[in-house]
Protein chains: 2
Amino acid sequence: MRVGFAGLGIMGGGMAKNLQAGDVPLRVWNRSPQPTKAFADLGVEVASSPADLASESDVVMLCVSDTPDVEEVVFSENGIANGLAPGSVVVDHSTISPEATAEFAGRVADQGAVWIDAPVSGGSEGAENGSLSVMAGGDADAFERVRPVMEHFSSSITHIGTEPGMGQTAKIVNQILVVVTQLGVSEAFLVAEAGGLDLEKTLRAVEGGAAGSWMLSNRWPQMMADDWRPGFTIDLQLKDLRIALDAADKSGVPTPGTALTFQMYRALQQAGNGGDGNHALVKALQAMLHPNDDG
Amino acid sequence: MRVGFAGLGIMGGGMAKNLQAGDVPLRVWNRSPQPTKAFADLGVEVASSPADLASESDVVMLCVSDTPDVEEVVFSENGIANGLAPGSVVVDHSTISPEATAEFAGRVADQGAVWIDAPVSGGSEGAENGSLSVMAGGDADAFERVRPVMEHFSSSITHIGTEPGMGQTAKIVNQILVVVTQLGVSEAFLVAEAGGLDLEKTLRAVEGGAAGSWMLSNRWPQMMADDWRPGFTIDLQLKDLRIALDAADKSGVPTPGTALTFQMYRALQQAGNGGDGNHALVKALQAMLHPNDDG
């Protein structure tokens, strides 16, 4: 199965490298040429356009930033859709709108191709180690055909359902859980600090029970160390939360905790902290504690 | 070491039973006589008052509901303080105000006794199985003396710090984490449901990563099954959140997620759902979705 991979950023680059390392027949494309060089050096052919990439692929994978980027790479003049053969599969690993996904899936279906939405979680480290989690939506047969390809960069692959966009909705579920859990971790951290508690002992006392979470065990120690390096940046978190809040709005679901957290991240981005990790949420509460400090 | 145990409710009853089963020299007391009968049947002496209980104990443990209950059992006319010998230790397993705890500790210190605040988590099941987590504050020597007694009903015991109330503050940290995590689980659940996702597959897809938490893995399946039986009731959660919000207020820490969740639980209690488990938080959001349904 010939694979084309479009979008060699921090996520897509790691995923495509795992395909190359796994001897998958691979061609790549990226909007700016710089990231393609490492692939060319490894003997991977670089396509001249997304349409060119698609024209010699049975499966076209893409991993770009946001909904408009996907639309451009797929449906612009030299986009993937212009090179798609009937029977081929587009696998979108980007995190984008479920509603737009359903529309994109319909447009490629008109050409006899299938759209699988397959957003990932696990960060750049997961992309590099091949330990991403994939949440996929779309036709079950097409999903099963592309599953072995995704196994080169994923340790957990779940077909959530056959409707296009269901993978994206599962990713929204994931992101809501991540950020609201982080809100709780942030408030708890400041209460512990204000109470003069030993933060390490407090973590050990609570993480094994009903208060436990991945964010608590992994980010609390970073918060203790004033280590704001990103597993996932506030800039990207905001992008994903816009998608989440829009989807929740369209389905009529109230998400007050997610909305609150979005506002706090938005303030942090505005203050210049968009490149911090999402656990820097605690800084928004700290800023409320110290409104008169210079930035 | 002679142990007296006051408060044989759903938590204290299980803890005291584990002391009895462990052959700890034990006397008990309870405000209403009913729960003492099972102990009398096992040959455990029932004290006539908290003062009487304390007068023949080296360690007096208590586990009651709220700050005023502790004050009454310890400092009323026939309270524990009236029977305390110098050098004895009061271990308060109730979840109460850290500020009141510091005051209570000062009052027993005037009598030459020591106060250890040692709230627990793990629910009635943990009390019964002897698998509670204890978070303790107060003098380190006194804590080490009573640790072996607590090991009869605890699988995790952490001395958070030497200031009285530090155990209570750690419990507040625990409860903030629990409820705000549950807020995220509730919002994510409704988004998944509205998107038509397979809820079981969605859980499996996200619980192993950064979205994972104890509440997600344990309560989402209950929510799927409309199973609102309590691990911890909304009534008790509200009591603990009042303590948490009061402590956060006094220390000046903003806790918007905790405050939001408190309001939602308060509405549920008002609607008659105080006996539901704390995962019934999702019902507050569902009610916002269906404001015109009959209750």
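The values are calculated or read from the model by the stated rules, or taken from the named source; none is laboratory data. It should be emphasised that the depicted structure is a prediction, and the values quoted were computed from it without experimental measurement. Because the Cβ atoms are built from the backbone with ideal geometry, glycine has one as well, and the counts that use them run over all protein chains shown. With ligands, DNA and RNA removed, areas are computed over all heavy atoms of the protein, side chains included. Shrake-Rupley method; radii C 1.70, N 1.55, O 1.52, S 1.80 Å.
Please find the FRET efficiency linking residue B:263 to residue A:45, where r is the Cβ-Cβ separation and R0 is fixed at 60 Å, and quote it to the nearest 0.05.
0.55
How many Å² of accessible surface get buried when A and B come together, counting both sides, probe radius 1.4 Å, rounded to the nearest 100?
Result for this pair: about 4500 Å² buried.
Based on DSSP, what percent of beta bridges with both residues in the protein assembly as shown are antiparallel, to the nearest 5?
Bridges in the protein assembly as shown are about 15 percent antiparallel.
Under a plain spin-label model, where a point goes 7 Å from the Cα along Cα-to-Cβ, how far apart in nm are residue B:249 and residue A:242?
3.8
What does the helix-only formula give at 222 nm for the protein assembly as shown: each DSSP H stretch with n ≥ 4 adding -39500 (n - 2.57), the total divided by the residues, and the result rounded to the nearest 500 deg cm²/dmol?
It lands at -15500 deg cm²/dmol.
Looking only at other chains, what is the average number of their beta-carbon atoms within 10 angstrom of each beta-carbon in A:256-263?
5
Which distances, in nm and shortest first, link the residue B:40 label point to the same label point in every other copy, taking 7 Å along Cα→Cβ?
Ordered by distance, the counterparts are at 9.2 nm.
At 15 Å minimum axial length over the Cα atoms and a Kyte-Doolittle cut of -1.0, report the qualifying DSSP H helices in chain B, or say none.
B:98-109, B:166-194, B:214-224, B:234-251, B:256-268
I'd like to check one number: the per residue accessible area of the range B:169-289, probe 1.4 Å, reported in Å² as a whole number.
Accessible area per residue: 33 Å².
Of B:206, B:157, B:89, which is farthest towards the positive pole of chain B's charge dipole, taken about the Cα centre with +1 and -1 on the beta-carbons of Lys, Arg and Asp, Glu respectively?
The residue sitting farthest along the positive end of the dipole is B:206.
Let me know the mean shielding of B:162-169 by other chains, meaning the per-residue number of their Cβ atoms within 10 Å of its Cβ.
Across B:162-169, the average partner-chain Cβ count within 10 Å equals 3.
Rounded to whole Å, how close does chain A get to the rotation axis onto B by Cβ? Give me the residue too, please?
A:213, 2
Considering only B:186, B:55, B:76, give the residue with the highest GNM mean-square fluctuation for chain B, with springs between Cα atoms whenever their separation is below 10 Å.
With Cα springs under 10 Å in chain B, the top fluctuation among B:186, B:55, B:76 is at B:76.
Can you list the equivalent-ellipsoid semi-axes of the range A:4-163, largest first and in whole Å, using the square root of 5 times each Cα gyration tensor eigenvalue?
21, 19, 14
Using only the alpha-carbon atoms of the protein assembly as shown, report the extent along each of the three principal axes, biggest first, to the nearest angstrom.
On the principal axes, the protein assembly as shown reaches 89, 52, 42 Å in Cα extent.
Looking only at A:242, A:204, A:31, which one moves most when chain A is put into a Gaussian network model with springs between Cα atoms under 10 Å?
A:204
Please state the shape class of the range B:169-289: rounded when a/c is under 1.5, otherwise prolate if a/b exceeds b/c and oblate if not, all from the C-alpha gyration tensor.
prolate
Which whole-angstrom value gives the distance between the alpha carbon centres of the range A:36-100 and the range A:150-210?
Their Cα centres are 31 Å away from one another.
Where nothing but the Cβ of Lys and Arg (+1) and of Asp and Glu (-1) is charged, how large is the charge dipole of chain A around its Cα centre, in debye to the nearest 20?
Charge dipole of chain A: 300 debye, to the nearest 20.
Rounded, prolate or oblate: which fits the range B:80-167, taking a ≥ b ≥ c as square roots of the Cα gyration tensor eigenvalues, rounded meaning a/c under 1.5, else prolate when a/b beats b/c?
Prolate.
Ordered shortest first, which distances in nm separate the 7 Å Cα→C-beta label point of residue A:250 from those of the other copies?
4.9
What does the charge dipole of the range B:3-162 about its Cα centre add up to, to the nearest 20 debye, if the Cβ of each Lys and Arg holds +1 and the Cβ of each Asp and Glu holds -1?
Taking the Cα centre of the range B:3-162 as origin, the dipole is about 320 debye.
Out of all DSSP beta bridges in the range A:3-162, what portion is antiparallel? Express it as a percent rounded to 5.
10
Take residue A:23 and residue B:140, extend 7 Å from each Cα along the Cα→Cβ direction, and tell me the distance between the two endpoints in nm.
6.1
Give me a single rounded figure for A:212-221: the average over its residues of other chain Cβ atoms within 10 Å of their Cβ.
Mean partner shielding for this stretch: 5.
Which percent, nearest 5, of DSSP beta bridges in chain B are antiparallel?
Roughly 15 percent of the DSSP beta bridges within chain B come out antiparallel.
Using a/c under 1.5 as the rounded threshold, could you call chain B rounded, prolate or oblate? The axes a ≥ b ≥ c are square roots of the C-alpha gyration tensor eigenvalues, and prolate needs a/b larger than b/c, oblate otherwise.
prolate
Set Lys and Arg Cβ to +1 and Asp and Glu Cβ to -1, take the dipole of the protein assembly as shown about its Cα centre, and tell me which of A:116, B:238, A:279 lies farthest positive.
Going by the charge dipole, the pick is A:116.
What's the magnitude of the charge dipole for the range B:102-200 around its Cα centre, counting Lys and Arg as +1 and Asp and Glu as -1 at the beta-carbon? Answer in Debye, nearest 20.
280
For the range A:27-55, list residues with backbone N below 15 Å from a point placed 7 Å from the Cα of residue A:124 toward its Cβ?
Zone members listed by number: A:35.
For residue B:116, list long-range residues whose amide hydrogen, built 1.01 Å from N in the peptide plane, is under 5 Å from its own amide hydrogen.
Amide H neighbours of residue B:116, under 5 Å, 5+ apart: B:90, B:91, B:92.
Have a look at A:191, A:70, A:108 and tell me which one the Gaussian network model of chain A (Cα, springs below 10 Å) gives the largest fluctuation.
It is A:191.
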